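Okay, so here's the structure we're looking at.
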Amino acid sequence: MEMSELTALLTPEGLRLLDGLGEIGSTDEVARTVTRLRRDGHSPDLVSAVVTQARLRSRASAKFGPFADRMLFTRAGLEQATRLPIAARHAARFRDAGLTRVADLGCGIGGDALGLAGIGLTVTAVDADEVTAAIAAYNLAPFGDGAVVKHGTAEGTDLTGVDAVWLDPARRTAGHAETTRTRPEDWSPSLDWAFALAERMPTGIKLGPGLDRSLIPDDVEAQWVSADGSTIELVLWSGALARAGIRRSALVVRGDSAHELTAGADAPDVEARQLGAYLHEPDGAVIRARLIGDVARSLQAGVLDEHIAYLTSDAALTSPFVSSFRVRETLPSDVKALAKALRARGIGRLEIKKRGVDVDPATLRTRLKLQGDDAATLILTRIGSTRTAILADRIGA
C-alpha cells in the first residue's frame, strides 16, 4: 500500500466505503467492484485501497477471526503477522512474569501488540515503515493510551520505563506486497543486537523456526510453535520471561487446544526398531525442538530409521505431539506394483505422506489411478537404504 492510498482510506468516506463492501473473493468480483466504484466517482487511490483491504480482510480471518473485519493490513504485514491466539499466549507470558509495560519493536500491523494490549498490558509499538506504523496505529486505536504506536527503528527506541521487550526483527526485504527472506546478518535489527538486548532486559524474540540452532544462546528458552500442523515460529525468551530449568519447548496448538512439551535440553535419542503395529509422525515443533526422544519414550516407541523422524510401536498409545497411524501392511514401492495393490484393495481416497524420499505426492497420486470406495494413508519413507511404502489408517480420522 502506498501512502496516497492509505491517506485516501483513512477518511470517514473511505472507511465507510470499505466497511460496506463485505467480502470480495474472486478476480471477477474484484473487477466488477472496481468498475462500480470508479463509475460512482471514487478516486483511483481510494478504489485501489478499499478493494485491496476487502480482500486482505477475507484472508486475515484465519489469523484474526472476527477482529479482521475492523482491521487494516498490508499484504506483507498480514503474511508475517502472528495469529491472534498465539499472540495472546505470548502476551500471557509477560503478564505471568509480572511485566506490565512492554515495547513491541518491529510491531508490523500490530498483531502481537493486540495480544499484549488485549490483556491489559501497556504497549509501545514501534515500526520502521511509516505506512505499516500508521496501520498499526489504526488497529490499536481501540486501546487508547494503553497502546501507543511510534514510527522509528528498534535501535533508536528509548526503552526508559519499559519492563520488557517483544522483538520481531525484519527478516524479509522491505515492502508492503511480495517480499523475500534475507540472511540473519541482513536482518533489522541484527541478531547480535537482539541478543545483546536480551542480556540486558527480559525479551521475547520472534524468529523463523528454521533458525540455525548453533546461533541460539545457551541462557535463553527456545520455544518452537506449531499451529494446526504448521511449524510457524521460534521464540527465544530471556530473563524473567524464560522459565526456570527449561531450555527447549514445543508448543502445539490445534484449534482451541494447546499442549506443550518442555525440557532442560535436547532429548536423548531412542534406538531404531522394526516397523510395529503403529507409526507416529512427530509434530514439526517437536522435531525442531529435538524432543522426539521424550515423545518416543512416552509412546513406548522407537525410530523407524535413525535419520528420519518417524516413530513406530506396538503399544496402542498416541499423544498430542504426534499424528498416529495404525499400520495395515507394507506394499511394493514400485509405482506400477503399488497402483495394482491399491486398486486390488479398493482404495480410491489416499492421503500420501513422505519423509526421506524424493516424491511429489500430487504427481504420484495421478500415476496411481486410484479406484474404489475405501480410504487409507500411504506413508513413503526410507529404512536404511531401502525405500518403503506403508499402508495405514490415520487414528482419529
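The values are calculated or read from the model by the stated rules, or taken from the named source; none is laboratory data. What you see is a predicted model, and the numbers here were worked out from it, not measured in a lab. Cβ: placed from backbone, ideal geometry, glycine included. Neighbour counts: every protein chain shown. For the accessible areas, the whole protein counts, side chains as well, though only heavy atoms, and no ligand, DNA or RNA atoms are used. Shrake-Rupley method; radii C 1.70, N 1.55, O 1.52, S 1.80 Å.
A Cβ distance below 6 Å, combined with a sequence gap of six or more or placement on separate chains, defines the contacts here; from the range 138-151, residues that are closer than 14 Å to residue 105 by Cβ reach residues that are open to solvent by 60 Å² or more (accessible area, probe 1.4 Å) and in a helix (DSSP H, G or I) in the pairs 151/130. Of the residues 314, 305, 294, 266, the single one that is within 19 Å of residue 235 (Cβ to Cβ) and not basic (Lys, Arg) is 266. One residue stands out among those in the range 311-357 that are of a type in the set (Gly, Ala, Ser) and part of a strand (DSSP E or B): the one that is nearest to residue 254 (Cα to Cα), which is 323. Applying the set (1) surrounded by fewer than 21 Cβ atoms within 10 Å (Cβ to Cβ); (2) farther than 26 Å from residue 380 by Cα; (3) at pLDDT 95 or above; (4) not β-branched (Val, Ile, Thr) to residue 261 leaves exactly one unmet item: (1).
For residue 326, the requirement of being at pLDDT 95 or above, open to solvent by 50 Å² or more (accessible area, probe 1.4 Å) and under 26 Å from residue 259 (Cα atoms) is met. Taking the conditions (1) on the phi > 0 side of the Ramachandran plot; (2) at pLDDT 95 or above; (3) surrounded by 14 or more Cβ atoms within 10 Å (Cβ to Cβ) in turn, residue 356 satisfies each one other than (2).
Let's see how each residue does on (1) surrounded by 15 or more Cβ atoms within 10 Å (Cβ to Cβ); (2) over 20 Å from the mean Cα position of the chain (by Cα); (3) under 30 Å from residue 164 (Cβ atoms):
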position	(1), (2), (3)
15	yes, yes, no
23	no, yes, no
36	no, yes, no
68	yes, no, yes
85	yes, no, yes
93	yes, no, yes
102	yes, yes, yes
106	yes, no, yes
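The set of residues from the range 375-397 being under 16 Å from residue 312 (Cβ atoms), more than 29 Å from the chain's Cα centre (by Cα) and outside any strand (DSSP E or B) comprises just one member, 384. Applying the set (1) modelled with pLDDT under 95; (2) surrounded by 23 or more Cβ atoms within 10 Å (Cβ to Cβ); (3) of a type in the set (D, E, K, R) to residue 178 leaves exactly one unmet item: (2).
Remark: residue 147 falls outside the filter, which requires a residue to be buried (at least 22 other Cβ atoms within 10 Å of the Cβ), touching a helix residue (DSSP H, G or I) at 6+ places or on another chain (Cβ under 7 Å) and within 15 Å of residue 67 (Cα to Cα). Within the option set 288, 243, being at pLDDT 95 or above, within 24 Å of residue 86 (Cα to Cα), out of contact with any Lys or Arg (no Cβ under 6 Å at 6 or more places or on another chain) and surrounded by fewer than 16 Cβ atoms within 10 Å (Cβ to Cβ) holds for one residue only, 243. Per the listing 120, 115, the residue uniquely in a loop (DSSP other than H, G, I, E, B), farther than 15 Å from residue 241 by Cα and at pLDDT 95 or above is 120.
Among residues of the range 205-223 that are closer than 16 Å to residue 240 by Cβ, those with a beta-carbon under 9 Å from a residue that is open to solvent by 50 Å² or more (accessible area, probe 1.4 Å) and polar (S, T, N, Q) at least six positions away or on a different chain give the pairs 221/262; 223/262.
Screening the candidates 38, 59 for the property of being closer than 26 Å to residue 255 by Cβ and free of Cβ contacts under 8 Å to residues at least 40 places away in the same chain yields one hit, 59. Taking the criterion of being out of contact with any Gly (no Cβ under 8 Å at 6 or more places or on another chain) and among the β-branched types (Val, Ile, Thr), the residues of the range 245-303 that qualify are 252, 253, 262, 286, 287, 292, 295, 303.
Take the conditions surrounded by fewer than 20 Cβ atoms within 10 Å (Cβ to Cβ) and farther than 18 Å from residue 189 by Cβ and apply them to residue 115. Does it pass? Against the criterion (surrounded by fewer than 20 Cβ atoms within 10 Å (Cβ to Cβ) and farther than 18 Å from residue 189 by Cβ), residue 115 does not qualify. From the list 334, 294, pick out the single residue that is at pLDDT below 95, over 12 Å from residue 395 (Cβ atoms) and open to solvent by 50 Å² or more (accessible area, probe 1.4 Å). From the options 334, 294, the qualifying one is 334.
Among the residues of the range 193-209 satisfying the criterion of being buried (at least 17 other Cβ atoms within 10 Å of the Cβ) and part of a helix (DSSP H, G or I), which is farthest from the chain's Cα centre (by Cα)? Among those residues, the one meeting the criterion is 197. Of all the criteria given as (1) free of Cβ contacts under 8 Å to residues at least 24 places away in the same chain; (2) under 22 Å from the mean Cα position of the chain (by Cα), the one not satisfied by residue 75 is (1).
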